Amino acid sequence: MSSPSRAALASLAQEYEALTHGVALLDRSRAGRLRFQGKDALDLLNRLSTNQLNDLASGEARATVLTSNKGRIVDVLTVARQDGHLLVLTSPETPRKVAEYIDFYTFSEDVRVEDITGATAMLSVTGPQAEAWAATHMVNPGTDVAVFRDDFLGAPGYAVVVPVARRDALWERLSRDTGATPAGEEAVEAVRVERGVPVYGRELGEEYNPLETGLRPIISFTKGCYVGQEVVARLDTYKKVQRRLAGLRWEADARVDAGADIVLDGEGVGVLTSAARLPDGAGVGLGYVKRGVAEGAGVSVDILGKLIQARLVEM
Amino acid sequence: MTQQTAPRPPLTITISEKAAHHVRKFAEQAGKPNATLRVGVKGGGCSGLTYVLDMVDAPGESDKIIKEHGLTLCVDKKSYVFLAGTTLEYSDGLNGKGFEFHNPNAKTTCGCGTSFSV
């Protein structure tokens, strides 16, 4: 977190306001996009991931966790059912990994996976006013365009996936004509961290299980077996989850980076995984802390031996 | 001095006589006494790979065919990689009735025994 200029801070504040109180327009083209075709595609994804997908209706999208047979997180996917195919969003780093994972588990099923990340672009409209925005501005998307509900940032949102050649015209129209405020990576990152949305490489990966990461809302405990289900169910039943993803907040004007130790009463109780600064100057973070360290607890973040006072907050 | 060892038998999938008897019984009950038993694997189940047993009218073109105890078994090539050396048994003990896969490739098996990992 370098010191931003006054103009940059003003812009950050405006973008943050749109994300938290209005409607913001984002370019999320970095996210991976896989097209799944074949009559067995949805059933296969249902067997390999945590959420109930078999009843997904055309036009609907649902998040799910792709898990290893040890119940660890391979990636968090968004599965959008379109006419005749599925559009699957992956983390920016993982489309190839996910495609290879699916291929490993495909035997006689009719499933074909194509990476369309480079051939497409993805814009998102998100914020508390996004539903009202959609009622006014969402039109028939036409051919080669996928539009689906995607509350990826913990607020109502819509994703629009278009052929890459049509990205600039769409961005121009949505930012000029619809009142959605373009927001950049810094503002999105601040909101992501404040709301506790995990990302791959920081809070998501095979060192974590989905219960630690707070992904319970996208785990079905009734749909039956999926890869890793026995481990996830056992951890839940016997209360064996040893750590959890927690939100932190600090007021100090200090550079705080991921990887710092979280300390309580002189003892290390966790590790910071993400850090960002809000427009009002407050610092926010995410980190895994030991079970039993409660919200509201006064902790410290250890920056090269200097302790910054922080507290665990509700996300 | 050269030590001679007996050549190792090729890896295959075998079916016990008891399991074959029960397959024939099921096939006759289903009105398909000449059906082929498809043995395979699919993704899913707690451990990642789930065993598949099915009665089919005929093997697929690229399937591996195994004949034993008067039965024809077929297995697709990718499943065969995970099943080579497996014996299909039938258990009717106190722990429950049913077909059991004794698979030397399985490193872990889930609690209900229907899925495995390699």
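The values are calculated or read from the model by the stated rules, or taken from the named source; none is laboratory data. A quick note: this is a predicted structure, and the numbers were derived from the prediction, not measured. Glycine also receives a Cβ, built like all others from the backbone with ideal geometry; neighbour counts cover every protein chain displayed.
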Set B:56, B:75, B:81: member being of a type outside the set (Asp, Glu), under 23 Å from residue A:102 (Cβ atoms) and surrounded by fewer than 17 Cβ atoms within 10 Å (Cβ to Cβ) = B:81
Among the residues of region B:53-74, is there at least one that is in contact with a Gly (Cβ under 6 Å, 6 or more places away or on another chain), within 13 Å of another protein chain (Cβ to nearest Cβ) and in contact (Cβ under 8 Å) with a residue 24 or more places away in the chain?
-> no
Looking at region A:237-252, is at least one residue within 14 Å of another protein chain (Cβ to nearest Cβ), of a type outside the set (Val, Ile, Thr) and farther than 20 Å from residue A:51 by Cα?
-> yes
Tell me, yes or no, whether region A:29-51 has at least one residue that is over 21 Å from residue A:97 (Cβ atoms), modelled with pLDDT of 95 or more and part of a strand (DSSP E or B).
-> no
Specify which of the listed residues (A:275, A:246) is crowded, with 22+ Cβ neighbours inside 10 Å, in contact with a helix residue (DSSP H, G or I) (Cβ under 8 Å, 6 or more places away or on another chain), modelled with pLDDT of 95 or more and outside any loop (DSSP other than H, G, I, E, B).
-> A:275
Name the pairs: first residue in region A:47-63 and surrounded by 13 or more Cβ atoms within 10 Å (Cβ to Cβ), second residue among the acidic types (Asp, Glu) and assigned to a loop (DSSP other than H, G, I, E, B), Cβ to Cβ under 7 Å, at least 6 apart or on different chains?
-> A:61/A:150
Matching residues in region A:25-53 (within 12 Å of chain B (Cβ to nearest Cβ) and out of contact with any strand residue (DSSP E or B) (no Cβ under 8 Å at 6 or more places or on another chain)) number 3
Which one of the conditions (1) more than 28 Å from residue A:12 (Cα to Cα); (2) part of a loop (DSSP other than H, G, I, E, B); (3) among the acidic types (Asp, Glu) does residue A:257 fail to meet, given that it meets all the rest?
-> (1)
Top-ranked residue of region B:105-118 - restricted to ones that are closer than 16 Å to residue B:52 by Cβ and not in a strand (DSSP E or B), ranked as farthest from the other protein chains (Cβ to nearest Cβ) | B:105
Count - residues of region B:33-52 that are under 15 Å from residue B:83 (Cβ atoms) and either within 7 Å of chain A (Cβ to nearest Cβ) or part of a loop (DSSP other than H, G, I, E, B) (or both) = 7
With respect to residue A:184, determine if the residue is in contact with a Leu (Cβ under 9 Å, 6 or more places away or on another chain), more than 30 Å from residue B:112 (Cβ to Cβ), away from chain B (no Cβ under 14 Å) and small (Gly, Ala, Ser).
-> yes
Unmet criterion (only one of (1) within 14 Å of another protein chain (Cβ to nearest Cβ); (2) in contact with a Pro (Cβ under 7 Å, 6 or more places away or on another chain)) for residue A:228 = (2)
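Conditions tested, residue by residue: (1) in contact with a Ser or Thr (Cβ under 6 Å, 6 or more places away or on another chain); (2) within 13 Å of residue B:43 (Cβ to Cβ).
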{"position": "A:36", "(1), (2)": "no, no"}
{"position": "A:51", "(1), (2)": "yes, no"}
{"position": "A:66", "(1), (2)": "yes, yes"}
{"position": "A:70", "(1), (2)": "no, no"}
{"position": "A:73", "(1), (2)": "no, no"}
Are there any pairs, at least 6 apart or on different chains, whose C-beta atoms fall under 7 Å, with the first in region A:286-307 and at positive phi and the second crowded, with 18+ Cβ neighbours inside 10 Å, and if so, which?
-> A:296/A:312
Go through the residues of region A:198-206 one by one and say whether even a single one is within 20 Å of the chain's Cα centre (by Cα) and within 14 Å of chain B (Cβ to nearest Cβ).
-> yes
From the option list A:114, A:100, A:109, single residue qualifying as within 14 Å of chain B (Cβ to nearest Cβ) and touching a helix residue (DSSP H, G or I) at 6+ places or on another chain (Cβ under 9 Å) is A:109
Please tell me if residue A:269 is free of Cβ contacts under 8 Å to residues at least 40 places away in the same chain, more than 14 Å from chain B (Cβ to nearest Cβ) and over 22 Å from residue A:197 (Cβ atoms).
-> yes
Check A:195, A:176 and return the single one that is more than 21 Å from the chain's Cα centre (by Cα) and within 21 Å of residue A:128 (Cα to Cα).
-> A:176
Count of residues meeting criterion [at pLDDT below 90, outside any loop (DSSP other than H, G, I, E, B) and not charged (D, E, K, R)] in region B:95-104 | 2
Please specify each residue of region A:278-315 satisfying the condition of being outside any strand (DSSP E or B) and among the hydrophobic types (A, V, I, L, M, F, W, C).
-> A:278, A:282, A:293, A:294, A:297, A:304, A:315
